[in-house]
Amino acid sequence: MAEIAIGIDLGTSNSCVAAVESDAPRVLPNAYGEGVTASVVAFGDDGRITVGNAARANVIHAPKTTVYSAKRLIGRYFFSEEVKKARAICSYDIVEGPNHGVRIRIRENDYSLPEISAMILRELKGIAEAQLGQAITKAVVTVPAYFNDNQRQATRDACRIAGLDALRILNEPTAAALAYGFGRELHQKVAVYDLGGGTFDISVLEIGKDVFEVLSTCGDTFLGGDDFDDRLIDLLADEFAAQHGVNPREDPFALEKLKVAAESAKKGLSVDDEVEIRIPDVALDSEGKGLSIGRTLGIGEYATLVNDLIQRTFKVCDEAMQQAGVVNRDLAGVILVGGPTRLPLIRHAVRDYFQLEPRTDVNPDEVVAMGAALHAASLLAPEQKAYLLDVTPLSLKIGVAGGLAETVIERNTPVPIDQTRTFTTFQDFQESVRIRVYQGESRHAAENELLGEFVFGGLARARRGETRIEVTFEINSDGIVHVTARDPATDQKASTQIKLSSGLSEEEIEQIIARGHAERVETALPGTDPSVRPGEAAAAFAARFGGPEDTPAADPPTAPESIGSLAGIGDEVEDVATLDEVAIAGSSEGEAVAAPDASLASLETGEIEVLPDELPDLEEILPLAPHEDPLSASHEPSASGRFEIELDPGDSAPIALDDRELFSAAGGDLGAEPESGEATPADPARKG
Amino acid sequence: MGTLAPAELRALARMLDDLDYYELLEAPRGASGAAIRDAYHAASRRFHPDACRHLDPEVRASIERIAKRVTEAYSVLRDPRRRRLYDERIASGCAERRLQLVESAAVATQRSREEREGRTPQGRRFFAQAVSDLARGETASAIRNLQMALTFEPGNPVFEERLVALRARR
């Protein structure tokens with residue numbers, strides 16, 4: 001029997017698995033005949049682990065031991081805004097793990113996010129094996145296009161734990177476009193509008209027969225169907241509190257009831273203009289009598305609740321269209337992906353925005369898995385039938401002196417690619433440079449996602465600005481980022497594959513696989529022990545909520561913009577102490593360095609500077625400033641391999657002093673040059 | 001895999017640094033944007049890393065190298081500002097066949113600013129004076145300042161254009 005690789009859409013709320021059989025992709029239904037399986041893991045009192053709709057039924061009666069929306073947490077640092085939001089609202093316990101990682105505490109056990117996701121993947125693998133009648137070991141797994149490298153790596157780890165070789169981590173909108181255009185010999189530009197349970201992505205593609213070229217992708221990993229539900233939960237909770245003086249948000253059971261009702265109402269409004277919301281026994285009054293919620297909700301009122309969320313998606317669309325250099329009339333189609341796009345409210349808004357009727361011949365819940373299956377089959381086939389040309393969704397940057405980040409590869413650059421930029425030292429006789437790799441769009445290092453770092457040592461003794469350090473970033477066809485530093489004078493090199501610093505180490509992954517929690521998942525297959533099948537109530541629940549939509553919410557609609565807000569400073573002290581170890585570990589050549597270090601502390605406190613004062617300032621790095629001869633008419637900056645930084649002295653950015661410092665310290669041709677690399681008064685961070 | 005044998009792939013990977021982007025994409029120098037895109041698609045069909053998973057690691061590494069350079073070539077040639085820089089570099093006989101993307105975008109931005117405002121301190125100063133002269137309606141003084149700016153930056157197209165326009169106005 002020929003080997004089959006499956007395609008998996010691992011969603012925030014629901015997941016879907018598909019495979020290609022006789023050249024056509026087919027969604028593989030679970031034991032209950034459902035095409036989508038809830039991304040929910042329930043840990044039973046007896047040690048059994050269940051996944052899917054049966055597990056989702058547990059949310060109400062065992063909220064502490066039922067994990068949902070794990071995708072919102074995967075690959076995140078514990079101190080991140082998203083994790084804080086989740087901790088405030090999730091009924092299960094989210095705790096801090098090693099290296100600022102995130103763990104979910106179920107009774108006495110802590111589980112990493114890749115482990116939780118692995119349980120879902122394991123379930124999907126089981127569904128595929130039952131359907132296809134053969135063992136499955138290879139898969140293409142999709143992620144939101146806007147996922148950063150940490151989130152992708154963590155997803156890859158989840159595959160390994162689940163016993164799946166991830167042939168590719170594929171972007172969801174790209175997969176959807178592949179499913180839409182595969183084998184149709186199209187020549188057109190399309191947009192993929194992907195509003196999932198927890199994330200929003202928009203990609204613009206050009207399809208040229210069998211080539212699927214992503215022109216741009218933009219997204220918001222803080223915006224999804226969950227946020228729509230949260231708006232309604234808030235409305236219901238506030239009304240209830242005003243009426244009865246009891247806040248249902250304080251009771252996890254009541255909160256879960258509101259979540260289920262909000263989600264159900266959203267689905268109802270996908271079909272009808274008005275829905276009845278009835279939630280019995282939300283709380284008890286002083287006499288022990290049940291208090292309930294009962295009201296009708298019209299589509300108009302709902303639209304008012306969520307309108308700003310919809311408008312936020314179009315802001316992201318504007319950006320994607322501009323980056324792709326296309327306007328509405330260039331587009332031949334708009335493909336809708338994700339359960340929330342079933343809402344007529346959203347369909348109409350999308351039609352108005354693109355001036356184009358969205359495609360209705362594509363199932364928004366299954367199209368991503370089908371595309372993943374097509375790609376999986378293609379990767380095993382000797383002859384390619386489709387070529388995917390994707391882009392990197394976020395700029396890759398390197399941290400430089402003054403807490404800034406210099407771009408090495410811009411967002412929406414096609415991959416695979418490698419790019420080199422030349423940097424120089426910040427101090428006289430600097431012996432080593434710390435190379436910190438970030439992903440994001442901010443010029444301030446701390447506002448970007450830290451992917452990892454390493455120290456490049458053994459530089460020749462020289463004055464600042466004299467040493468050259470070439471840093472090469474490579475994104476290979478698997479989307480993995482490699483970073484190499486080279487001293488062109490000595491040809492000495494150090495390189496690392498950037499590995500999520502809050503993620504799991506190789507040993508941890510091995511241990512998890514050995515513990516085999518993922519294997520304990522009770523895959524509900526026809527003919528297996530009936531005790532693991534859901535009871536009647538659960539089956540009824542599954543039938544009612546088994547539709548292709550989102551699970552209860554993970555976060556309230558509280559200011560998602562406040563990403564950079566300050567955290568408590570309680571945690572930072574211990575981090576600084578580890579910096580020495582990191583530096584030592586890193587200076588052993590070519591070793592990847594995990595980064596539980598001061599930069600994390602500074603991320604947490606929102607400060608810009610990254611190195612505390614008592615440590616030698618050896619590792620600051622500078623980009624080479626433009627080489628400019630004031631009287632020369634000719635200007636050939638790049639022939640020498642130098643680069644120009646796009647710093648406008650008239651720039652109103654609040655870091656103008658750092659700009660000048662950058663210019664003067666590195667180039668010496670522009671403006672006044674400070675005698676030493678000492679901190680300017682405007683740079684409180686370096687003063688410490 | 002497409003049409004190239006492993007030996008040819010290895011040879012191509014070795015000579016990458018000697019090929020300019022047009023040669024690599026097999027597109028003529030004056031190719032339109034659409035033709036560049038078609039050439040990129042065609043090259044991607046020949047050199048897509050996905051298509052070579054079954055080949056031996058060394059050949060795969062060659063293809064990966066070629067694919068990365070193809071992507072880079074396309075990223076430069078599809079962007080008119082980068083392409084102009086690149087064309088000038090090739091025309092000047094520069095041996096370096098690569099243009100780094102971020103660097104070239106910055107150069108292009110700086111260049112357009114320089115053309116707008118001047119690339120030397122003196123040029124900028126006299127040009128700025130000319131602009132403020134004009135704001136006050138002092139055309140004769142503006143012309144003098146533009147001429148001064150041009151002595152520091154002979155051939156600056158923006159300065160020349162403004163000067164011609166002013167003289168015509170008189």
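The values are calculated or read from the model by the stated rules, or taken from the named source; none is laboratory data. Everything numeric here is computed off the predicted structure, so don't read it as measured data. Positions of Cβ are generated from backbone atoms using ideal geometry, with glycine treated the same way; all protein chains shown enter the neighbour counts.
Using the structure shown, decide if residue B:90 is in contact (Cβ under 8 Å) with a residue 60 or more places away in the chain, touching a helix residue (DSSP H, G or I) at 6+ places or on another chain (Cβ under 9 Å), aliphatic (A, V, I, L, M) and assigned by TED's automatic domain parsing to the domain that holds residue B:34. Criteria met by residue B:90. As for region A:338-346, it holds at least one residue that is away from chain B (no Cβ under 14 Å), closer than 22 Å to residue A:227 by Cβ and of a type in the set (D, E, K, R).
Would you confirm, using the coordinates I've provided, whether residue B:56 is over 25 Å from residue A:213 (Cβ atoms) and modelled with pLDDT of 90 or more? No: the conditions fail for residue B:56.
Taken together, A:107, A:103 contain a single residue that is within 23 Å of the chain's Cα centre (by Cα) and more than 27 Å from residue A:6 (Cβ to Cβ), which is A:103. When region A:16-38 is filtered for residues that are among the small types (Gly, Ala, Ser), surrounded by fewer than 22 Cβ atoms within 10 Å (Cβ to Cβ), in contact (Cβ under 8 Å) with a residue 24 or more places away in the chain and closer than 18 Å to residue A:364 by Cα, only A:35 remains. The condition of being out of contact with any strand residue (DSSP E or B) (no Cβ under 9 Å at 6 or more places or on another chain), more than 16 Å from residue A:389 (Cβ to Cβ) and within 13 Å of another protein chain (Cβ to nearest Cβ) holds for only one of B:43, B:35, B:31, that being B:35. Tell me yes or no: at least one residue of region A:423-430 is in a strand (DSSP E or B) and either under 30 Å from residue A:25 (Cβ atoms) or not assigned by TED's automatic domain parsing to the domain that holds residue A:477 (or both). Checked against the condition, which is being in a strand (DSSP E or B) and either under 30 Å from residue A:25 (Cβ atoms) or not assigned by TED's automatic domain parsing to the domain that holds residue A:477 (or both), region A:423-430 yields no hits at all. Taking the conditions (1) surrounded by 23 or more Cβ atoms within 10 Å (Cβ to Cβ); (2) among the aliphatic types (A, V, I, L, M); (3) not in a helix (DSSP H, G or I) in turn, residue A:362 satisfies each one other than (1). Filtering region A:95-104 to residues that are surrounded by 20 or more Cβ atoms within 10 Å (Cβ to Cβ) and of a type in the set (A, V, I, L, M) leaves A:102, A:104. Go through region A:465-506 residue by residue and tally those that are within 30 Å of residue A:102 (Cα to Cα), at pLDDT 85 or above and out of contact with any helix residue (DSSP H, G or I) (no Cβ under 6 Å at 6 or more places or on another chain). Count: 7. The residue of region B:73-100 that is nearest to the other protein chains (Cβ to nearest Cβ), among those that are assigned to a helix (DSSP H, G or I) and over 17 Å from residue B:33 (Cβ atoms), is B:89.
Going by the structure shown, is residue A:105 closer than 18 Å to residue A:198 by Cα, of a type in the set (Lys, Arg) and not in a helix (DSSP H, G or I)? Here the answer is no, as residue A:105 does not meet what is asked.
Mind checking whether some residue in region B:127-146 is within 12 Å of chain A (Cβ to nearest Cβ) and not aliphatic (A, V, I, L, M)? No, region B:127-146 has no match at all.
Being free of Cβ contacts under 8 Å to residues at least 40 places away in the same chain, out of contact with any strand residue (DSSP E or B) (no Cβ under 8 Å at 6 or more places or on another chain) and surrounded by fewer than 21 Cβ atoms within 10 Å (Cβ to Cβ) is the requirement here; does residue B:167 meet it? Yes, satisfied. Residue count for region A:280-333, restricted to those that are β-branched (Val, Ile, Thr) and either surrounded by 19 or more Cβ atoms within 10 Å (Cβ to Cβ) or under 27 Å from the mean Cα position of the chain (by Cα) (or both): 7. Yes or no: region A:143-157 includes at least one residue that is without any contact (Cβ under 8 Å) to a residue 12 or more places away in the chain, over 30 Å from residue B:46 (Cβ atoms), among the polar types (S, T, N, Q) and part of a helix (DSSP H, G or I). No, there is no match, as no residue in region A:143-157 is without any contact (Cβ under 8 Å) to a residue 12 or more places away in the chain, over 30 Å from residue B:46 (Cβ atoms), among the polar types (S, T, N, Q) and part of a helix (DSSP H, G or I).
Taking residue A:435 as the residue in question, decide whether it is crowded, with 24+ Cβ neighbours inside 10 Å and either of a type outside the set (A, V, I, L, M) or at pLDDT below 95 (or both). When the stated conditions are applied, residue A:435 passes them.
Mind checking which residues of region B:148-170 are assigned to a helix (DSSP H, G or I) and either within 13 Å of chain A (Cβ to nearest Cβ) or under 11 Å from residue B:127 (Cβ atoms) (or both)? The answer is B:148, B:149, B:150, B:151, B:152, B:157, B:158, B:159, B:162, B:163. Taking each residue of region A:189-213 that is within 14 Å of another protein chain (Cβ to nearest Cβ) and of a type in the set (Phe, Trp, Tyr) and looking for partners that are part of a strand (DSSP E or B) and buried (at least 24 other Cβ atoms within 10 Å of the Cβ) with beta-carbon atoms closer than 9 Å, six or more apart or interchain, yields A:212/A:205; A:212/A:388; A:212/A:389. All conditions but one from (1) within 11 Å of chain B (Cβ to nearest Cβ); (2) outside any strand (DSSP E or B); (3) under 22 Å from residue A:316 (Cα atoms) apply to residue A:383; the one that does not is (3). Scanning region A:439-453 turns up no residue that is crowded, with 21+ Cβ neighbours inside 10 Å, in contact with a Pro (Cβ under 9 Å, 6 or more places away or on another chain) and assigned to a loop (DSSP other than H, G, I, E, B).
Can you pull out the residues in region A:459-482 that are more than 14 Å from every other protein chain (Cβ to nearest Cβ) and free of Cβ contacts under 8 Å to residues at least 60 places away in the same chain? Selection gives A:459, A:460, A:461, A:462, A:463, A:466, A:467. Here region B:1-14 is the region considered, the condition is being surrounded by 11 or more Cβ atoms within 10 Å (Cβ to Cβ) and either more than 25 Å from the chain's Cα centre (by Cα) or part of a loop (DSSP other than H, G, I, E, B) (or both), and the residue that is modelled with the lowest pLDDT is B:1.
Reported count of residues in region B:106-121, each being part of a helix (DSSP H, G or I) and more than 8 Å from chain A (Cβ to nearest Cβ), is 5.
Please tell me if residue A:368 is touching a residue at least 12 places away in the same chain (Cβ under 8 Å), in contact with a Ser or Thr (Cβ under 6 Å, 6 or more places away or on another chain), in a helix (DSSP H, G or I) and buried (at least 21 other Cβ atoms within 10 Å of the Cβ). Considered against the rule, which asks whether it is touching a residue at least 12 places away in the same chain (Cβ under 8 Å), in contact with a Ser or Thr (Cβ under 6 Å, 6 or more places away or on another chain), in a helix (DSSP H, G or I) and buried (at least 21 other Cβ atoms within 10 Å of the Cβ), residue A:368 comes out as yes. Is it the case, given these coordinates, that residue A:64 is out of contact with any Lys or Arg (no Cβ under 8 Å at 6 or more places or on another chain) and surrounded by fewer than 24 Cβ atoms within 10 Å (Cβ to Cβ)? Here the answer is yes, as residue A:64 does meet what is asked.
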